[in-house]
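Before any comments, here is the structure.
The values are calculated or read from the model by the stated rules, or taken from the named source; none is laboratory data. As the structure is a prediction and not an experimental result, all values here were calculated from the model. Ideal geometry is used to build each Cβ from the backbone, glycine not excepted, and the neighbour counts take in all protein chains shown. The protein model used for the area step is the full one, side chains on, heavy atoms only, and it has no ligands, DNA or RNA in it. Shrake-Rupley method; radii C 1.70, N 1.55, O 1.52, S 1.80 Å.
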Amino acid sequence: MVDLSFNMVGSEGASELASLLDRNVTLRNIDLGHNGISEDGAVALLFSMNTANRTVTYLNLAGCSSVSASTRHKIECLASFNTQSVPFRRHILERISSISYLRCNGHPDSSHYIGGVVDCLLYTSPSPRDS
């Protein structure tokens, strides 16, 4: 765990950390609480977790009051997703792709449904581990 809480990291520091997370293969827990991180800094971290990083399983932004509840929730979802085994993550992504296909075929309510399914799968599914 890396505890950087109460260190005035700010949004610029969070953005720099996000660029480092793109290459991270070992760091799992990061505490950035009470660092004055804005929505922009949190979104940079979220983007990194969504595109490149698959190891961070906990990212604390407590006390960063400028970060929206939506961004916090997305970060929590991605961190939770990273706790799952690789085969299980592939399985989830395949399911999401097939559900997303519904949206492309003119089902107007499917985007809201997709978000609910993703949340349900991330938070309630068993987490098989790699051997």
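Just to be sure I understand the filter: pairs with C-beta atoms under 6 Å, separated by 6 or more residues or on different chains, first member in segment 1-27 and under 15 Å from Ser65 (Cα atoms), second member open to solvent by 30 Å² or more (accessible area, probe 1.4 Å). Which pairs pass? What qualifies is Ser5/His34; Phe6/His34; Gly10/Gly36; Ser11/Ser38; Ser11/Asp40.
No other residue among Leu61, Leu46, Leu78 is open to solvent by less than 80 Å² (accessible area, probe 1.4 Å) and under 17 Å from Met1 (Cα atoms) apart from Leu61.
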